[in-house]
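Worksheet: one structure, shown below.
The values are calculated or read from the model by the stated rules, or taken from the named source; none is laboratory data. Everything numeric here is computed off the predicted structure, so don't read it as measured data. Glycine also receives a Cβ, built like all others from the backbone with ideal geometry; neighbour counts cover every protein chain displayed.
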Amino acid sequence: MPHDRLPPAESADADFRRHARRLRLDTLVRLRWLAVIGQTTAVAAVHFGLRFPLPFALCFVVIAASVLLNLALRIQYPASTRLNENAATLLLAFDILQLAALLYLTGGLQNPFSLLFLAPVLISATALSPERTLALGMLAVGAASLLVLPYHRPLPWRPGETLEFPFLYVTGVWTAILLGVAFTGIYAWRVAEEARQLAQALAATEIVLAREQHLSQLDGLAAAAAHELGTPLATIALVVKELGRELPREGPVAEDLALLREQVERCRGILAKLTSLGEDQEGFLETITVSHLVEEIVGPDRPLEVAVEVIRAGDGPEPKCRRSPGVVHGLDNLVDNAIDFAAGKVTVEARWTRDQVFIEIRDDGPGFAPEVLLRVGEPYVTTRGGDRREREGGGGLGLGLFIAKTLIERSGAQIAFGNAEPPASGALVRIVWPRTAFERGTERSSDAAPGPAPLTPG
């Protein structure tokens, strides 16, 4: 069944995405201050605490370069500045080269702090594009490769003694850095990308829900506007009536007054219609049975070439609910998806018991692919490729099912995706509400008008 119909709110904007993942200058500056404090403490502890000989002045010149860069950035730019990829890449590349220079003065890869080559690559993986992360990873590995050579300064050690590690050991450290850069870079990028996708998908869901709620409130707004316009319109009608008494009954002015009276009556008729919309919204149209809910969803799809069958059955009185724009949109999305993937028929079944309400949507299409079924309902998981709209040139970004699932689950329901048992074929979506959650608020609304309760988050 079509599994990712996208509403207009999901027109993903590449520029916004790139801006959302930009690093804040303040973040890099604070991390560099932390590195400066750590490097200064380590160099001072080795020189003054352990009294190991090392090029102390040169080490502090290298550390001072980071200090000067931070001060220049603080003076030149506001802390809230978001860096573009070029600027962020250059700053992280500086951190890699500064660390390489410090390690060159203090033993190369024999220095246990050589592991810190991973830090800039890790930061890049969480905020920059994979291409920039790959470039920084190669820079880190290249710098580490140079430090394998024996041309670096010796590792600080006790005066009169020289500590030399076997070349095989140093090569092992280099290999660990190489693998660490690759693994942590890929892992951090994947975790950060999933978090970004989820945040963007939730934002799209909120936009869709806000749009649906806005549409559902238009009738009430129209009624309120009609009520407010009623008073000035009555005043106009009264003035026209008084003018008709005082002015001649024949002539151009009388014709104009007749036209004005006609238009006033026309406005009254329009306002009466708008007022009735608001009354419907507060009355029986606000609460519907589960059968009416299903019929509202499938009704617009009946003229299509795919047959839509509705089955209704249950124990006891039929449950009612308040019309929820989010639930209506979610169910409509699932039915539309089923129609897109169906071979010839879609079945929507509504059942209820004393404790639960079920809606099941089935199609006779190919069903979910096994690899998709494991992640269906997650953001940016798309099954497009064989459905009717794809063949006509359409396509999806994989947010439709996520939005539908999120909106329906907010009403207190549980939703499950699966495939029909062989020999049958097709996809199956099953939604289950506790009856108390489905009917929540019906008692309150039945005092004002006959009907049920809202599908609100459970």
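Within segment 392-406, one or more residues are touching a strand residue (DSSP E or B) at 6+ places or on another chain (Cβ under 6 Å) and either modelled with pLDDT of 80 or more or in the same structural domain as P319 (by TED's automatic domain parsing) (or both).
Among the residues of segment 345-378, those identified as closer than 15 Å to D301 by Cα and touching an Asp or Glu at 6+ places or on another chain (Cβ under 6 Å) are K345, V346, T347. Condition (residue is among the polar types (S, T, N, Q), without any contact (Cβ under 8 Å) to a residue 12 or more places away in the chain and out of contact with any Leu (no Cβ under 8 Å at 6 or more places or on another chain)) applied to segment 108-129: is it met by at least one residue? Checking segment 108-129: not a single residue is among the polar types (S, T, N, Q), without any contact (Cβ under 8 Å) to a residue 12 or more places away in the chain and out of contact with any Leu (no Cβ under 8 Å at 6 or more places or on another chain). Of all the numbered requirements in (1) at pLDDT 85 or above; (2) exposed (fewer than 11 other Cβ atoms within 10 Å of the Cβ), A182 misses one, and that requirement is (2). When the residues of segment 299-327 are filtered to those that are within 22 Å of L407 (Cα to Cα) and either surrounded by fewer than 19 Cβ atoms within 10 Å (Cβ to Cβ) or not assigned by TED's automatic domain parsing to the domain that holds F358 (or both), the one that is modelled with the lowest pLDDT is D301. In this structure, is T41 surrounded by fewer than 16 Cβ atoms within 10 Å (Cβ to Cβ), at pLDDT 95 or above and either more than 30 Å from R362 (Cβ to Cβ) or aromatic (F, W, Y) (or both)? Yes.
Does G142 count as assigned by TED's automatic domain parsing to the domain that holds F56, over 17 Å from G172 (Cβ atoms), without any contact (Cβ under 8 Å) to a residue 12 or more places away in the chain and not charged (D, E, K, R)? It is true that G142 is assigned by TED's automatic domain parsing to the domain that holds F56, over 17 Å from G172 (Cβ atoms), without any contact (Cβ under 8 Å) to a residue 12 or more places away in the chain and not charged (D, E, K, R). The residues on offer are R384, R389, R444, R430, and the sole one that is in the same structural domain as V357 (by TED's automatic domain parsing), at pLDDT below 80 and not in a helix (DSSP H, G or I) is R384. Looking at T456, is it modelled with pLDDT under 85 and buried (at least 18 other Cβ atoms within 10 Å of the Cβ)? In short, no.
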